[in-house]
Amino acid sequence: MSDAIRYERVGDIAVLTAQNPPVNALGLDVRRGLLAGFERAETEGAKAVLIYGDGRTYFAGADIREFGKPMQAPSFADLCTRIEASPLIVVSALHGTALGGGLEVALSSHYRIAVPSAKMGLPEVHLGILPGAGGTQRLPRVAGVGMALDMITTGRPIGAAKALENGIIDRVVEGEPREIGLAYTQELLEAGAPRRAVCDLPAPKGVDFDAMHVALLKKGRGQLSPATALRAVQAACEADSFEAGLRRERELFMELMNSDQRLGMIHAFFSERAVSKLPELKGVAPRVLAEMGVIGGGTMGAGIATAALLSGLKVTMLEMTDAAAAAAQGRIEGNLKGAVKRGKISADQFTALTTQALTLATDYSALAQVDLVVEAVFEDMSVKKTVFTQLDAVCKPGAILASNTSYLDINEIAACTSRPEDVIGLHFFSPAHVMKLLEVVVADKTAIDVVATGFALGKMLGKISVRSGVCDGFIGNRILAAYRACADHMILDGASPYQIDAAMTAFGFAMGPFAVADLAGLDIGWAARKRLAPTRDARERVPSFPDKLCEDGHFGQKTGKGYYVYEAGKRGGTPNPDVPGLIDANRAELGLTPRVFTDAEITRRYMCAMVNEAAKVVGEGIARRPLDVDMTLLFGYGFPRYHGGPLKWADIVGLDDILADINTYAKGDDFFWQPAPLLQQLVADGRCFDDLNKEAS
Ligand code: CAA
């Protein structure tokens, strides 16, 4: 027997207990152990087999670390077929998360019982694959095609009650999985219950698969796995036999397993978990965090306060006047009402949060006892310095003083206090109670337990926290500035903002850069351009059309006009007819003759600019690892998850080709297209970004 599966006999029942912490992933040892367990149970004359998991969960799926390596026998599919074919009564007792291959093992069992808190799902589409061990054939047979498609194409797990309602499990009982499983199995034996294999159930009735296929491709913005999984479910309805359906599932599974999207999504899965694990934080206790101050109750400050309140922190919101404080309160309450509407909190919780956990103030002395304060005031160094000087005067010793600046130098801000070791950047993304990314910006003198507290706060708020060093724009906005500049250059040379937006949404971004700029507010970029103007290199190509829009008072969605025109009550905008004229005037001013860009060239230049700047960010140590950049772009900038992040994408398409393209582009503009030394080094060494991730882990 393998160590990962414990075998024991309880009367007529052979009990197979998974012991593969932390999540009982179905790695090779577990699969071998299960197979051996069945063989032994059958040889020894047991009448039934009970499968359950030790620790926090039943099997949470395949061991994802084995993906991409040759599958060693027994394969999942063979294991599930073998379990289902057993002449003994097979029962699975589920708790925790029965996911992916885990649920497939359960579906191959003849009976299923679960504790009420158990969750079940087939999340494979989130890994760029589909359930490959009969899940697409068995689930529709037990739950019907509608339910199966919902679970398989969204990857969303369901609770035990819903699973019971839909025939996915047979019984829900409170208790320990072992005890409830044994009692149920015993009961089945005593009642003379028959073997009951899902594969013997009739093929389910189909739906309009072609229409759904088109809809899924559109919804997934090019993500292949949900649409491909749909085809596997179609085979459950239409194939000549269960076995033929299984064969079709295998073909489609292998198609996805060999796809670049699978590489991207698995990179995202592990990076998401690795990103906040920093070696230097091992064993460092964060400071106590119970009360938080937020300065500035605009959209950003109100969002930060909302996120903090929802995580259980007490919040003091500081504004300049009573009227501004009341407006801030209104924004926070509006956000929290949204949380009530979405079922995240109850009406009673809303009342408690707004009346007990939130305090509004207009005097800095109200922040004297907070453990951490985040300022979200106007993005101007002198304003920030005034705020920090006052915080330094009133906050208790050990309080953490954080700036939510998007660009400014945290070292300079820290230097105006008597306690730079307590100063850190906590860069949230708007709306801060929704967006997952938090850049934890570590300045030269930031104390290590302050960094640990930044990450602890991110965890409390349910954020993906990424460590960044100090530079203009930190990781995300610095890279954004580079690819946005590349987009502006392409416009000067002949592309249109709308063609670029369309090309980048076709690549998989939720929005193109110009629609994003309209959403964020064009005044933000305008202010940044004005701030940077005095330090700009004369060789830099700086367009004037974005400034012209702002000079005319068009700041994007909030003023109803930007690159697009927005009509009240309508989602999205239509191209602003004034923009081409502004661009033409800018080209004429510079003596440029526009040329035609293909969508492919737009995408390639845009991505090369992103990768090149990202490589500089890693090379300079602003981001510790390539995966830090990848997670920043994924969770803060709408980068398509199925490409894994810009540097994973670069690894997949090939660093040498990217460098070659950058060198070609440099012939037209050798100032902008200076290749990143790290990229050159990796190409010279025949290595890739992921090698750096591995070295750092
Ligand atoms: N394989 C390998 N490692 C896994 C894993 C898996 N399936 N699931 C989780 N882990 C690891 C995580 O990487 C993490 O490792 P570190 O501590 O080293 O970072 C550890 O287990 C704990 O995971 P979480 O931090 O995510 O713990 P959690 O309690 O927040 O969540 C979970 C638990 C819900 C199971 C979550 O980990 C999860 O969703 N896992 C993936 C489940 C999944 O996608 N299963 C399907 C696999 S594909 C499949 O089964 C294909 C098939 O057809 C055969």
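Every number in this text was worked out from the coordinates using simple rules, so none of it is lab data. Everything numeric in this text was worked out from a predicted model, so none of it was measured. Quick reminder, even Gly has a Cβ in these numbers, built from the backbone with ideal geometry, and neighbours come from all protein chains shown.
Under a cut-off of 16 Å between alpha-carbon atoms, report the aspartates and glutamates in cross-link reach of Lys162, not counting same-chain residues fewer than 8 places apart. Result set, ordered by chain and number: Asp150, Asp170, Glu174.
Relative to the longest principal axis of the Cα atoms of the chain, the long axis of helix 145-154 lies at roughly 40 degrees. Of the beta bridges in the chain, as assigned by DSSP with both residues counted there, near 25 percent are antiparallel. Taking every alpha-carbon pair under 8 Å whose residues sit at least 6 apart, the range 476-696 reaches a relative contact order of 22 percent.
Counting other C-beta atoms within 10 Å, which of Leu647, Leu678 has the fewest, and how do the rest follow? In order of increasing Cβ crowding within 10 Å: Leu678, Leu647.
For Phe514, what is the net charge nearby, where nearby means another residue's Cβ is under 12 Å from its Cβ and Lys, Arg count +1, Asp, Glu -1? It works out to a net charge of -2. Label the chain by shape, choosing from rounded, prolate and oblate, from the square roots a ≥ b ≥ c of the eigenvalues of the Cα gyration tensor; if a/c is under 1.5 it is rounded, and otherwise prolate applies when a/b is larger than b/c, oblate when it is not. Verdict is prolate for the chain.
What number, in percent, do you get for the relative contact order of the range 560-678 if the mean sequence gap of Cα pairs under 8 Å and at least 6 apart is divided by its residue count?
The normalised contact order for the range 560-678 reaches 19 percent.
Relative to the longest principal axis of the Cα atoms of the chain, helix 28-44 runs at roughly 10 degrees.
Over the range 393-472, what is the relative contact order in whole percent, taking alpha-carbon pairs under 8 Å and six or more residues apart?
Value for the range 393-472: 30 percent.
Need the list of aspartates and glutamates near Lys667 for cross-linking: C-alpha distance under 12 angstrom, and skip anything on the same chain fewer than eight residues off. Cα-Cα hits under 12 Å: none found.
Alpha-carbon geometry of the range 5-258: the Rg and the Dmax are 17.1, 54 Å, given in that order. By the count of other C-beta atoms within 10 Å, a proxy for reagent exposure, Glu379, Glu104, Glu249, Glu601 are ordered fewest to most as Glu601, Glu379, Glu249, Glu104. Of all aspartates and glutamates in the structure, the ones whose alpha carbon falls short of 12 Å from that of Lys463, not counting any fewer than 8 places away in one chain, are Glu272, Glu439.
Counting Lys and Arg as +1 and Asp and Glu as -1 over every other residue whose Cβ lies under 9 Å from the Cβ of Cys416, the net charge comes to 0. Equivalent ellipsoid of the range 497-568: semi-axes from √(5λ) of the C-alpha gyration tensor, largest first, are 22, 17, 10 Å.
Is the range 423-506 best put as rounded, prolate or oblate by its Cα gyration tensor, with a ≥ b ≥ c the root eigenvalues, rounded for a/c under 1.5, and otherwise prolate when a/b is larger than b/c, oblate when not? Oblate shape, in that a/c is at least 1.5 and b/c is the bigger or equal ratio.
Here the label points at Ala368 and Asp656, each 7 Å from Cα along the C-beta direction, are separated by 6.8 nm in the simple model. For the chain, the mean residue ellipticity at 222 nm estimated from helices alone is -15000 deg cm²/dmol, where every DSSP H run of n ≥ 4 contributes -39500 (n - 2.57) and the total is divided by all residues, rounded to the nearest 500.
Neighbour counts of other Cβ atoms within 10 Å put Leu103, Leu519, Leu122, Leu353 in the fewest-to-most order Leu519, Leu353, Leu122, Leu103. In terms of its C-alpha gyration tensor, the range 617-670 has a prolate overall shape, because the principal axis ratio a/c (a ≥ b ≥ c, square roots of the eigenvalues) is not below 1.5 and a/b outweighs b/c. Residues of the chain were split at every exposed loop site, defined as chymotrypsin sites (Phe, Trp or Tyr not before Pro) in a DSSP loop with at most 14 other C-beta atoms within 10 angstrom, and the longest piece left, sites excluded, is 1-377.
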